[in-house]
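Only the coordinates and a few stated rules stand behind these numbers; no lab work does. What you see is a predicted model, and the numbers here were worked out from it, not measured in a lab. Neighbour counts run over all protein chains shown; Cβ positions are idealised from the backbone, glycine included.
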Amino acid sequence: MLYFDTSFLAPLILPEAASDKIAAFHRRLPAAELTVSHWTRVEFSSLIAREVRMGGLDVQAGAGRCPV
């Protein structure tokens, strides 16, 4: 089982310098072995909500962005 936190997941959704490298790494992993904690889900949801409030994402994009 591979555990990922928000700092790993965020670049998959929000463009950052490391986004392409993280996405390439993520694509090579077996989906059945990936997991996140309840707290990662809460933290990631909070991050997306903040991006919507700050105008980085519109409401529709924010609603469809939570993969966890």
task: Hey, can you grab everything whose amide H is under 5 Å from the amide H of LEU34? Only 5+ residues off in sequence or another chain; H modelled, so Pro and N-termini drop out.
output: LEU2
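In debye, nearest 20, what is the charge dipole magnitude of the chain about its Cα centre with +1 on Lys and Arg Cβ and -1 on Asp and Glu Cβ, if you could check?
Approximately 60 debye in magnitude.
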message: Suppose only helical runs count, i.e. DSSP H with n ≥ 4. What mean residue ellipticity at 222 nm does that imply for the chain under -39500 (n - 2.57) per run, divided by all residues and rounded to the nearest 500 deg cm²/dmol?
response: -16500 deg cm²/dmol
task: Rounded to the nearest 10 degrees, what's the angle between the helix 38-54 long axis and the longest principal axis of the chain, both from Cα atoms, 0 to 90?
output: 30
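For the chain, what does the equivalent ellipsoid look like in terms of its semi-axes, each the square root of 5 times an eigenvalue of the Cα gyration tensor, given largest first in whole Å? The partial results should precede the final answer.
On the way: eigenvalues 90, 41, 18 Å².
Values for the chain, descending: 21, 14, 9 Å.
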